[in-house]
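Visitor: One structure, as structure tokens, below. Some questions next.
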Amino acid sequence: MSGKITVSLIKADVGSYPGHVRVHEDLLEKARSELKEYENNGDIIDFKVFNAGDDLELLISHHKGMDSKEIHEIAWNVFEKATEIAKDLKLYGAGQDLLSDAFSGNIRGMGPGVAEMEFTERGAEPLVAFMMDKTEPGAFNLPIFRMFADPFNTAGLIIDPSLHAGFVFEIWDILENKRVFMKTPEETYSLLALIGAKSRFVIKRVFPKDGGKLPPDEPVAVVSTEKLYQIAGEYVGKDDPVALVRAQSGLPALGEVLEPFAFPHLVSGWMRGSHNGPLMPVPFKYSQCTRFDGPPRVIAAGFQIAYGKLVGPVDLFDDPAFDQVRAKASEIAEYMRRHGPFEPHRLPMEDMEYTTLPKVLEGLKSRFENIVDIR
Ligand code: F6R
Ligand code: MG
Ligand code: MG
């Protein structure tokens, strides 16, 4: 137990309806009642349950620190209980993200996605939980970069002396399993050279720099980076990512944290995890992927943290100020759809490697003739 608090956002697709559209209310209810017991027993401080499309999202605050076996086991147990209901209701893909029969100490690598951070709670601590469906961890690269490093997004980088020094980005190479720390603004171009390749290099965490208002070893943003296909060895759904971002007083203001989502940037995922499409910011009630199993969506739940309690949520994209973005996203969705099976709507071949496409191409292999021989 430590004096700091930890916020863990843990998610899994354990069944949805119809098809991959959304989580059933009975699963959300079950997750709430289970977590309530853990709260009553003093195992956790507080919790909230959401759905991002077909993903069941558990937001938990506690004193147990990062990678706590106890907290991860709680989440695993909740997902298992929800799976039982999903099976009874014959929901689609019941239990699909629980890739192991039994919990083995840490939920990472077992299917669910995790974003968690431990930090000293400030006098007032605003926190945003972002939850995406039908896309991959790299979908956060552009918005997180803009929040913490783009002065055209975050006025505070220019105006506020406490942001002026910039931030430190922890970047993961998720193919080579390596990481690198890079500073902005001084290494901005090199950073962008990496994170522009969003299917490989992903922003894992952001830290304040030394000598500022906030402790440099406590993260101010964190993204889940689990790649399901790498864990399972084959395509078992997309890696629908989540992120936690702290705001204000030496960090981007709440509005600067939301501002990057005013641009519906292209992300990969959507239908069969195989297509590029716009990311649409939506209120909770529209967190259900319908058109062509999409388009990919993001919700944002805003909180103040009070002694570990999660005061909220405020449904941050439930605002007419984002109507234009949604209209633009629909327009882009329509434009992209007109390409049908053609790239760049469909993902490039290397990204299709883990989908069901190679199985189709396998059947054609024996029919290929060598062009040199027939010239
Ligand atoms: C994308 C997604 C869906 C499914 C699609 C096919 O992340 O979950 O688009 O890939 O509905 O699903 P299956 O293969 O289960 O019929
Ligand atoms: Mg699903
Ligand atoms: Mg999903």
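The values are calculated or read from the model by the stated rules, or taken from the named source; none is laboratory data. A quick note: this is a predicted structure, and the numbers were derived from the prediction, not measured. Reconstructed Cβ throughout: ideal geometry from the backbone, glycine too, with neighbour counts over all protein chains shown. For accessibility, only protein heavy atoms count, side chains too; no ligands or nucleic acids. Shrake-Rupley method; radii C 1.70, N 1.55, O 1.52, S 1.80 Å.
Visitor: To the nearest Å, what is the center-to-center distance of the stretch 13-57 and the stretch 331-375, using C-alpha atoms only?
Guide: So the two Cα centres are separated by 37 Å.
Visitor: At a 10 angstrom cut-off on C-beta neighbours, averaged per residue, how do the peptides 134-146, 258-270, 302-314 rank from highest to lowest?
Guide: Per-residue mean Cβ counts within 10 Å order the peptides as 134-146, 258-270, 302-314.
Visitor: Quick check on the chain: helices-only [θ] at 222 nm, where DSSP H runs of length 4 and up contribute -39,500 (n - 2.57) each and the sum goes over total residues. Nearest 500, please.
Guide: Mean residue ellipticity at 222 nm (helix-derived): -7000 deg cm²/dmol.
Visitor: Moving on. Share of antiparallel DSSP beta bridges in the chain, in percent to the nearest 5?
Guide: 95 percent
Visitor: Continuing with the same structure: Take the Cα coordinates of the stretch 140-253, assign each an equal point scatterer, and use the Debye formula without solvent to give log10 I(q)/I(0) at q = 0.12, 0.13, 0.18 Å⁻¹.
Guide: -0.42, -0.49, -0.87
Visitor: Provide the solvent-accessible area of ASP67, counting protein heavy atoms only and rolling a 1.4 Å probe, rounded to the nearest 10 Å².
Guide: Roll a 1.4 Å probe over it and ASP67 shows about 70 Å².
Visitor: Students sometimes get this wrong: rank ASP351, ASP150 by accessible area, probe 1.4 Å, all chains present, largest first.
Guide: ASP351, ASP150
Visitor: Moving on to the next point. Stretch LYS69-ALA193 to full length: gain in nm at 0.36 nm per residue minus the Cα-Cα span?
Guide: Once the chain is fully extended between LYS69 and ALA193, it gains 41.0 nm.
Visitor: Now for a separate question. Please state the charge dipole magnitude for the stretch 123-234, taken about the Cα centre, from unit charges on C-beta atoms (+1 on K and R, -1 on D and E), reported in debye and rounded to the nearest 20.
Guide: For this selection, approximately 160 debye.
Visitor: Set the bar at 21 Å for Cα to Cα. Now go through LYS11/LYS285; LYS178/LYS359; LYS48/LYS213 and name every pair that lies beyond it.
Guide: Beyond 21 Å between Cα atoms: LYS178/LYS359; LYS48/LYS213.
Visitor: Across every pair of different alpha-carbon atoms, what Kirkwood hydrodynamic radius in Å does the stretch 24-93 reach?
Guide: 12.5 Å
Visitor: Once you charge only the Cβ atoms, +1 for Lys and Arg and -1 for Asp and Glu, what is the size of the charge dipole of the stretch 201-317 about its Cα centre, to the nearest 20 debye?
Guide: Roughly 120 debye for the stretch 201-317.
Visitor: Would you tell me the accessible area of GLU80, worked out with a 1.4 angstrom probe on the heavy atoms of the protein chains, in Å² to the nearest 10?
Guide: We get 70 Å² for GLU80.
Visitor: Heavy-atom accessible area of ILE371 with all protein chains present, probe 1.4 Å, nearest 10 Å²?
Guide: For ILE371, solvent-accessible area is about 120 Å².
Visitor: Also: Per Stokes-Einstein, at 20 °C and 1.002 mPa s, what whole-number D in µm² s⁻¹ belongs to the stretch 286-375, with the Kirkwood radius over Cα pairs as the hydrodynamic radius?
Guide: 121 µm²/s
Visitor: Further question on the same structure: Compute, for the stretch 42-92, the length of the dipole vector about the Cα centre, with Cβ point charges of +1 (Lys, Arg) and -1 (Asp, Glu) only. Units Debye, rounded to 20.
Guide: The dipole of the stretch 42-92 has a size of about 60 debye.
Visitor: Before anything else, pin down the relative contact order of the stretch 240-375: Cα pairs under 8 Å, at least 6 apart, normalised by residue count, whole percent.
Guide: 20 percent
Visitor: Counting alpha carbon pairs within less than 8 Å and at least 6 residues apart, what relative contact order, in whole percent, applies to the chain?
Guide: Relative CO of the chain lands at 18 percent.
Visitor: Could you order peptides 186-193, 25-32 by the average number of other Cβ atoms within 10 Å of their residues, highest first?
Guide: Top to bottom by mean Cβ count within 10 Å: 25-32, 186-193.
Visitor: Sorting ILE332, ILE158 by accessible area (1.4 Å probe), largest first, what list results?
Guide: Heavy-atom accessible area, descending, gives ILE158, ILE332.
Visitor: Kirkwood hydrodynamic radius (Cα pairs, Å) of the chain?
Guide: For the chain, inverting the mean 1/r across all distinct Cα pairs yields 21.2 Å.
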